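Single-structure report; data block below.
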Amino acid sequence: MDKLAIIGGRPLYGVIPISGAKNSALKVMAAALLTDEALTLTNVPRLADVDMLLRLLEQHGVTSSFEGSTLRLHAQTIISTEAPYDLVRKMRASFNVLGPLLAREGKARVSLPGGCAIGARPVDLHLKALEAMGAKIDLDEGYVIAEAANGLHGAEIAFPFVSVGATEHAMLAATLAKGTTVLENAAREPEIADLADCLNAMGAKVSGAGHSTVTIEGVDRLHGGEHRVLPDRIETGAYVMAVAATGGELTLTGTDASLLGAAWGVLQETGLDMEERDGGICVKRNGERYKASDIVTQPFPGFPTDLQAQFMALMATADGVSKIKETIFENRFMHAPELARMGAKISVDGQTATVQGVPRLKGAPVMATDLRASMSLIIAALAAEGQTMVNRVYHLDRGFERLEEKLQTCGALIERVKE
């Protein structure tokens, strides 16, 4: 199992190109199942999760070609409406093939997704949305058996709480439903609007994406199209925090400050100099030590849960005490004990972590528990004295494209160690 060896204490200087958003790429890839024509996606990151979903799509009959960051998908004929456990268990986003298969073929048999280290993350809202559109759903030995022999129909769906996955899943299925579907209390993340843009490029009629009410007017069929995946806001925020922790100056290209929502203002409050430039963001640390700041994770445009772990690593060496409240997922403080191994002073009480900033961290062997926790350990290691060995970095390969290469070009001493 690969490890990352990092010698910290070096400021970062240079340019980092931000890749396409993993969380968006996976959902627009699933949209290829809705049409028998080709869908061309650009700015697609080369990640383990993308490769995993490709394997599942190919199992359904999708042909693909991947050159550079351009991915071409063609689901001319669906040869299987079953998504087996061995493929779906590895990645939750795989479950989103259920809606497109059901909408196009009238039936699907899809394994429930596997467990998740950061909480149960149930799919109840996904299934209730499909049932509201007329699907008959049964559960059998870990599989969802869904049927809509006469097709799906429009419905009014009010989500009891904001769910990005359920909003996206309902949008995918509703594009081919008869009539109009209205989603209330819909998620407003940038990835929602990106999926709508892709679907509309294929002939769908989606309006309101990015707001709390999304309307989908069903059409008889979708055609092929082209779509560019939006920049990865989590990668953007992670590299902003990396330069905050280490010092130096980075220019992040191909991204946009608006994607960060509340995180932009919070990071400025810590003392970072952040400036929007044409086609990117310039970031440098203002002063020797940045200030502690409190956050509460919330759905977009609030502070994203996917940046909470990275922010905790940053606060570990901030001047003062910060409080971090996690409201989205349970069990999402598993990185705290690993940061403590490096000298961080963190106490956890339920959903709230209190971080007492220390002048410096020290390198130590640590273990990544999930994708975002992995990046928090990278940020801590880049700022720490001495060497840190980060174990189980396969998590990073799921969500950060060419991580070592990007950091190395900016002066980081980071190397992958293969066993």
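The values are calculated or read from the model by the stated rules, or taken from the named source; none is laboratory data. Quantities reported herein were computed from a predicted structural model and do not represent experimental measurements. Here the Cβ is made from the backbone with ideal geometry for all residues, glycine too, and neighbour counts use every protein chain on show.
Counting only residues that are touching a strand residue (DSSP E or B) at 6+ places or on another chain (Cβ under 6 Å), among the small types (G, A, S) and not in a loop (DSSP other than H, G, I, E, B), which one in the stretch 134-168 is surrounded by the fewest Cβ atoms within 10 Å (Cβ to Cβ)?
The selected residue is A158.
Quick one: would you say E184 is touching a residue at least 60 places away in the same chain (Cβ under 8 Å) and among the acidic types (D, E)?
no
Would you mind finding the one in A309, A313 that is within 24 Å of E191 (Cα to Cα), of a type in the set (G, A, S) and surrounded by 23 or more Cβ atoms within 10 Å (Cβ to Cβ)? Steps first, please.
Working: A313 fails: within 24 Å of E191 (Cα to Cα).
On inspection, the qualifying residue turns out to be A309.
Has the stretch 87-110 got any residue that is loosely packed, with under 14 Cβ neighbours inside 10 Å and either farther than 27 Å from P190 by Cα or not aromatic (F, W, Y) (or both)?
For the stretch 87-110, residues loosely packed, with under 14 Cβ neighbours inside 10 Å and either farther than 27 Å from P190 by Cα or not aromatic (F, W, Y) (or both): absent.
Please go through the stretch 211-269 and give me each residue that is more than 22 Å from the chain's Cα centre (by Cα), of a type in the set (V, I, T) and surrounded by 21 or more Cβ atoms within 10 Å (Cβ to Cβ), ordered by number.
Scanning the stretch 211-269 gives I216, T246.
Conditions tested, residue by residue: (1) under 28 Å from P231 (Cα atoms); (2) in contact (Cβ under 8 Å) with a residue 12 or more places away in the chain; (3) surrounded by 24 or more Cβ atoms within 10 Å (Cβ to Cβ).
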site	(1), (2), (3)
G320	no, yes, no
I328	yes, yes, no
R360	no, yes, no
E405	yes, no, no
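Residue-wise test of (1) charged (D, E, K, R); (2) more than 16 Å from N96 (Cβ to Cβ); (3) buried (at least 24 other Cβ atoms within 10 Å of the Cβ).
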{"site": "T175", "(1), (2), (3)": "no, no, yes"}
{"site": "G179", "(1), (2), (3)": "no, yes, no"}
{"site": "A193", "(1), (2), (3)": "no, yes, no"}
{"site": "D197", "(1), (2), (3)": "yes, yes, no"}
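Hey, does the stretch 39-53 have a residue that's under 30 Å from G247 (Cβ atoms), among the aliphatic types (A, V, I, L, M) and under 14 Å from the mean Cα position of the chain (by Cα)?
Yes, that holds for at least one residue.
State all residues of the stretch 391-419 that are touching a Lys or Arg at 6+ places or on another chain (Cβ under 8 Å), at pLDDT below 95, among the aliphatic types (A, V, I, L, M) and not in a loop (DSSP other than H, G, I, E, B); if no residue qualifies, say none.
Answer for the stretch 391-419, where residues must be touching a Lys or Arg at 6+ places or on another chain (Cβ under 8 Å), at pLDDT below 95, among the aliphatic types (A, V, I, L, M) and not in a loop (DSSP other than H, G, I, E, B): just V417.
Going by the conditions given, is V355 in contact (Cβ under 8 Å) with a residue 24 or more places away in the chain, touching a Ser or Thr at 6+ places or on another chain (Cβ under 9 Å) and more than 17 Å from A238 (Cβ to Cβ)? Write out each step before concluding.
Working: in contact (Cβ under 8 Å) with a residue 24 or more places away in the chain: yes; touching a Ser or Thr at 6+ places or on another chain (Cβ under 9 Å): yes; more than 17 Å from A238 (Cβ to Cβ): yes.
Yes.
Provide a single number: the residues in the stretch 199-209 that are surrounded by fewer than 18 Cβ atoms within 10 Å (Cβ to Cβ) and not in a strand (DSSP E or B). Before the answer, list the steps.
First, the residues of the stretch 199-209 that are surrounded by fewer than 18 Cβ atoms within 10 Å (Cβ to Cβ): 200, 203, 205, 207-208.
Those left that are additionally not in a strand (DSSP E or B): 200, 203, 208.
Counting residues in the stretch 199-209 that are surrounded by fewer than 18 Cβ atoms within 10 Å (Cβ to Cβ) and not in a strand (DSSP E or B) gives 3.
Provide a single number: the residues in the stretch 357-390 that are of a type outside the set (A, V, I, L, M) and in a helix (DSSP H, G or I).
As a first pass, look at the stretch 357-390 and keep what is of a type outside the set (A, V, I, L, M): 357, 359-360, 362-363, 365, 369-370, 372, 374, 376, 385-388.
Within this subset, residues satisfying the condition of being in a helix (DSSP H, G or I) are 372, 374, 376.
The qualifying residues number 3.
Among the residues of the stretch 63-79, how many are in contact with a helix residue (DSSP H, G or I) (Cβ under 6 Å, 6 or more places away or on another chain) and farther than 24 Å from R402 by Cβ?
2
Can you tell me which residues in the stretch 365-408 are polar (S, T, N, Q) and within 19 Å of L252 (Cα to Cα)? Show your work before the answer.
Applying the first criterion (polar (S, T, N, Q)) to the stretch 365-408 yields 369, 374, 376, 387-388, 391, 408.
Hits for the stretch 365-408 are S376, Q408.
Which condition number does K90 fail, the rest of (1) in contact with a helix residue (DSSP H, G or I) (Cβ under 6 Å, 6 or more places away or on another chain); (2) outside any helix (DSSP H, G or I); (3) at pLDDT 85 or above being met?
(3)
Please determine, by comparing only the residues of the stretch 330-358 that are surrounded by fewer than 17 Cβ atoms within 10 Å (Cβ to Cβ) and within 23 Å of the chain's Cα centre (by Cα), which one is nearest to Y394 (Cα to Cα).
M334
Taking the condition assigned to a loop (DSSP other than H, G, I, E, B), among the β-branched types (V, I, T) and either touching a strand residue (DSSP E or B) at 6+ places or on another chain (Cβ under 8 Å) or on the phi > 0 side of the Ramachandran plot (or both), does V219 pass? Explain how you work it out, then say what you get.
Values: assigned to a loop (DSSP other than H, G, I, E, B): yes; among the β-branched types (V, I, T): yes; either touching a strand residue (DSSP E or B) at 6+ places or on another chain (Cβ under 8 Å) or on the phi > 0 side of the Ramachandran plot (or both): yes.
For V219, the condition - assigned to a loop (DSSP other than H, G, I, E, B), among the β-branched types (V, I, T) and either touching a strand residue (DSSP E or B) at 6+ places or on another chain (Cβ under 8 Å) or on the phi > 0 side of the Ramachandran plot (or both) - is met.
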